[in-house]
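Here the structure is laid out as structure tokens; the discussion comes afterwards.
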Amino acid sequence: MPIAHLLKSHDKDLGGGFTVRRILPAAARQSIGPFLFFDHMGPVEAQPGSRHDVRPHPHIGLATVTYLFEGAIMHRDSLGTEQRIEPGAINWMTGGSGIVHSERTPEDLLDRVRRTHGLQLWAALPREHEEAPAAFSHTPADRIPEVEFEGATVRVLVGTAFGRTSPVPTFSRTLYLDVQLAPGASIDLGGLPPESAVYAPIGAIEVDGETIPANTMAMVEAGLPVRVSSEGGARFVLIGGEPLDGRRYIFWNFVSSSRERIEQAARDWEEGRFVPVPGDDERIPLPAWPAAWKHSENRDERRD
């Protein structure tokens, strides 16, 4: 049996009626490879004049990885970056020692009906790079390697697969694929990293003949090749990489191998020591510390 775990999503309201399906972290797994957050955004339709904005907020110890199927997001950060995120591009933002960013609806889309659909992941940085300088890398859609098979198209978003390597910079072995299957098609996936999983944001898939329930991620057994197929056609992603070099503490938007480092970051945000996003004076306040923080190491909390 190639499936090690089935991880079911749960709904999380990010505000303004914008709900995501959150799969990682899960009770069974904190992470898969370096990925310790996996949010499936939408698809959601917004009416003219409505906004689904995420105000400025901080990160440490991780990289955010944003990928859209539909819609557009305007990214701004404390490095002075202003980048429109559109379908097919990969945006890799390294939080490292500390960064602040916002994600807003582009102004030219506010007066029209629009749809947003995509994925946002967090990759924990290796311990030796947790305090790396903050950075932002944008790889446009036309620079993402693509491989064609009979009935299948593979985009190598991050890492190396099928002889192609993505230009997206990473800190450890990381794999992120976007695979489209025609109706009745299948694809064999071998040589996978020690930890890997598949998830279908569009359509339904089977892993070695076993149907994967909707909104569910299937983590596969290490070292085993798998065949992913779809009777009606689907689009799925594969994520994975080397196991994390130790457990991570998570509170709100902060990730670290050190609990004390997260507490320092929280104080820095409360006391205004993070560099702000130029021209964006709003901010998300620090949430209340969960009661479990002082009594448990399972602190998987994020922004509302």
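The values are calculated or read from the model by the stated rules, or taken from the named source; none is laboratory data. Just so it is clear, the model here is predicted, and its values are computed rather than measured. As a convention, Cβ positions derive from the backbone with ideal geometry for all residues, glycine included, and neighbour counts pool all protein chains shown.
Results, tabulated for the structure shown:
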read-out: Scan of region 209-247 for residues that are among the charged types (D, E, K, R) and surrounded by fewer than 16 Cβ atoms within 10 Å (Cβ to Cβ), ordered by number; value: GLU210, GLU221, ARG227, GLU231, GLU242, ASP245, ARG247
read-out: Filter result (basic (Lys, Arg), over 17 Å from PRO56 (Cβ atoms) and at pLDDT 95 or above) within region 75-122; value: ARG84
read-out: Hits in region 55-74 (condition: modelled with pLDDT of 95 or more and either surrounded by fewer than 20 Cβ atoms within 10 Å (Cβ to Cβ) or among the charged types (D, E, K, R) (or both)); value: PHE69, GLU70, ALA72, MET74
read-out: Answer residue from region 171-183, given it is of a type in the set (Ser, Thr, Tyr) and modelled with pLDDT of 95 or more and is farthest from the chain's Cα centre (by Cα) among those; value: THR174
read-out: Qualifying residues in region 11-27 (those that are part of a strand (DSSP E or B) and hydrophobic (A, V, I, L, M, F, W, C)) - the one modelled with the lowest pLDDT; value: VAL20
read-out: Selection within region 174-193 - under 17 Å from PHE35 (Cα atoms) and touching a Pro at 6+ places or on another chain (Cβ under 6 Å); value: THR174, LEU175
read-out: Top-ranked residue of region 127-155 - restricted to ones that are of a type in the set (Gly, Ala, Ser) and buried (at least 18 other Cβ atoms within 10 Å of the Cβ), ranked as nearest to VAL277 (Cα to Cα); value: ALA134
read-out: In region 54-100, the residues that are over 20 Å from ILE284 (Cα atoms) and either in contact with a Cys (Cβ under 8 Å, 6 or more places away or on another chain) or not in a strand (DSSP E or B) (or both); value: GLY71, ALA72, GLU86, PRO87, GLY88, ALA89
read-out: Subset tally (residues that are at pLDDT 85 or above and outside any strand (DSSP E or B)) for region 28-53; value: 9
read-out: Some residue of region 253-264 being in contact with a Leu (Cβ under 7 Å, 6 or more places away or on another chain) and buried (at least 19 other Cβ atoms within 10 Å of the Cβ); value: yes
read-out: Unique match (being touching a helix residue (DSSP H, G or I) at 6+ places or on another chain (Cβ under 6 Å) and of a type in the set (A, V, I, L, M, F, W, C)) among PHE162, PHE149, PHE171; value: PHE171
read-out: Positions within region 253-289 being closer than 25 Å to HIS129 by Cβ, of a type in the set (D, E, K, R) and assigned to a loop (DSSP other than H, G, I, E, B), in sequence order; value: ARG273
read-out: GLU206 at pLDDT 95 or above and within 21 Å of HIS5 (Cβ to Cβ); value: yes
read-out: Odd one out for ARG259 among (1) under 30 Å from ARG283 (Cα atoms); (2) touching a Pro at 6+ places or on another chain (Cβ under 7 Å); value: (2)
